[in-house]
Amino acid sequence: MKILPCVIGLGYVGLPVLLKISKHFNSYAFDINKNRIITLKKKIDTNNEFKYQDFNKLKKITYTSKYDEIKDCNFFIICVSTPLSKNKKPKLDNIIKTLSILKKLLKKNDIIFLESSVYPGFSKNIFITYLEKNTNLKNNKDFFFGYSPERVNPGDKVHTIDNIAKIVAYETDNKIIINRIEKIYKTISKNIVYSNKINETEISKVIENIQRDINIAFINEILVLCKKMKLEFKEVIKLANTKWNFLNFKPGLVGGHCLPINSHYLSWSAGTMMNKSSLILSARKTNDYMKDFIINEVKYSLKIKNLSIKKSRLLFVGISYKAGVSDLRNSLNLEIFNYFKKKNKNIVALDPFLSSALSKQNNILKKIKNFTKFNVIIFLSYHTDFQKIYYNLKKLKNNKIVLLDPFNFY
């Protein structure tokens, strides 16, 4: 049987998957966002992760928002977002919507792979159960399910999807199906790690991000402690880093679609089994607190310089959740900027990495020619481009600009 793949969800995860597969297979690309479909047809990635030339030398791609146009596909890869609800519980509306589409399309011998982050047990207890109940088809007999957790790191040009280890989990011994799975996933990554344990693969996905969240929380707590004890944070870390097994994490604001969310997914799942995950949520609390820490640091710095928020010309540098990407999801940087913006409409933000649409929508500049018109500049993210701005301003003679580097990045 000819493999006809379809990637559902064309965001930061789905698009790189699609572009890799489409080098070898005629492919379908589905997204409910019609504007996303329109721009991708023009070979424009509004997330700024791919350039026009990255869409060249591919097989035929059919972009669509109509599910009846993907009815002939037989290998579905689901890459939709899985955010949190307001009360910090898993919000899986996008996957449920996808399931409502799949139940109308699913055929004998179709293969479905889920790449979205989910809580442990979701694939078997919810996803597969829903399809079996609504199609009268049985998993590993009539259709075949697999889980391949995404490891896309936006803005990273080194650890790209084809260079990293990619886990591919399935629980069938059907050799024909396994062969099809291998044919697809070997086009995505050079290093495939196979597993026959879907539940274990789900939890491995969330803990790899939670581990980083905890490590950043620890170093953030040390930063706050050093500040209160009037100790030089950089010197503390430099000395600690002389030990061979010290993990040299940078402090900072933790946002985006993975680290803040995965902790709550696992914690929620543990809670359903009457099991507390105190360390995980404690780290989350610490990293969430850093927004208030920065707000108070800015206020204090203005106070000791006899400057007021309402009258100062403030510039915030680095607004996306991570420098170098055009992504404002769960960005504490943006929340900090908006907090001060409410108190002074003339406060300005700079982020050259945002798309033009996000920049305009959030009133954030992509470029500034004259930095000397500001009297306070606050750096919220680390990036070499921001480092140049910082040191160039420090070199200015008779510089009256107050430079705030609250995380000791520079």
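Only the coordinates and a few stated rules stand behind these numbers; no lab work does. Please read all numbers here as calculations on a predicted model, not as lab measurements. Cβ: placed from backbone, ideal geometry, glycine included. Neighbour counts: every protein chain shown.
Brief remarks on what is shown
- Annotation: extensible slack from Thr160 through Lys311 equals 49.9 nm (criterion: 0.36 nm per residue apart, minus Cα-Cα distance).
- A simple packing score, the average count of other Cβ atoms within 10 Å per residue, orders the peptides 208-216, 297-305, 142-150 as 142-150, 208-216, 297-305, with the highest score first.
- A protection proxy built from the mean count of other Cβ atoms within 10 Å ranks the segments 115-126, 163-174, most packed first, as 115-126, 163-174.
- Each of Ser65, Val168, Ile3 was placed along the dipole of the chain (beta-carbon charges, centred on the mean Cα), and the one lying farthest toward the positive end is Ser65.
- Spin-label model distance (nm) - Asn296 vs Leu137, 7 Å beyond Cα toward Cβ: 5.6
- Only the Cβ atoms of Lys and Arg (+1) and of Asp and Glu (-1) were treated as charged; on that basis the dipole of region 143-203 about its Cα centre amounts to roughly 280 debye.
- Rounded, prolate or oblate (a/c below 1.5 giving rounded, otherwise prolate when a/b exceeds b/c) for region 288-327 by Cα gyration tensor: oblate
- Region 128-219: C-alpha gyration tensor shape, a/c 1.5 cut-off, then a/b vs b/c: oblate
- Shape category assigned to region 52-141 from the gyration tensor of Cα positions, a/c cut at 1.5: oblate
- Environment charge of Tyr52, counting only residues whose C-beta is closer than 15 Å and scoring Lys/Arg +1, Asp/Glu -1: +2
- Convex hull projection area averaged over all views, region 306-410, Cα basis, nm²: 6.5
- Region 208-404: projected area of the alpha-carbon convex hull, averaged over directions, in nm²: 13.3
- Positive-end residue, the chain charge dipole about Cα centroid, Cβ charges, pick of Leu332, Asn220, Ser195: Leu332
- Solution diffusion estimate, µm²/s, Stokes-Einstein, region 1-85, Kirkwood Rh from C-alpha pairs, 37 °C, viscosity 0.692 mPa s: 253
- What you get for the chain, charging only the Cβ of Lys and Arg (+1) and of Asp and Glu (-1), is a dipole of about 1580 debye around the Cα centre.
- Computed about the Cα centre, the dipole magnitude for region 5-196 is approximately 300 debye when only Lys and Arg (+1) and Asp and Glu (-1) carry charge, each at its Cβ.
- Considering only region 42-164, percent of DSSP beta bridges that pair antiparallel, nearest 5: 10
- Rounded to 10°, Cα long-axis angle of helix 278-304 versus longest principal axis of the chain: 30
- Based on every Cα atom in region 195-309, Rg and the maximum pairwise Cα distance Dmax equal 17.6, 63 Å.
- Going from the fewest other Cβ atoms within 10 Å to the most, the residues Phe246, Phe407 appear in the order Phe246, Phe407.
- For the peptides 72-85, 310-323, the ranking by packing is 310-323, 72-85, with the highest mean count of neighbouring Cβ atoms within 10 Å listed first.
- For Ile389, the shell of other residues with beta-carbons less than 13 Å away shows a net charge of +2, using +1 for Lys and Arg and -1 for Asp and Glu.
- The chain: most fluctuating residue of Asn153, Asn392, Asn139 per GNM, C-alpha cutoff 10 Å: Asn392
- For region 5-196, the spherically averaged projection of the C-alpha convex hull amounts to 10.8 nm².
- Of all DSSP beta bridges in the chain, antiparallel share, percent nearest 5: 10
- Charge tally in the Cβ shell below 14 Å around Ile214, where Lys, Arg are +1 and Asp, Glu are -1, Ile214 excluded: -1
- Inter-label distance for Leu247 and Lys175, nm, one decimal - labels placed 7 Å from Cα along Cα-to-Cβ: 4.3
- As computed over region 306-347, the Cα convex hull volume per residue (Å³): 75
- Contour minus Cα-Cα distance for Asn153 and Asn375 (0.36 nm per residue): 76.4 nm
- For region 110-164, the equivalent ellipsoid derived from the Cα gyration tensor has semi-axes of 29, 12, 7 Å, listed largest first.
- With R₀ fixed at 30 Å, the C-beta to C-beta distance from Leu396 to His24 puts the FRET efficiency at about 0.05.
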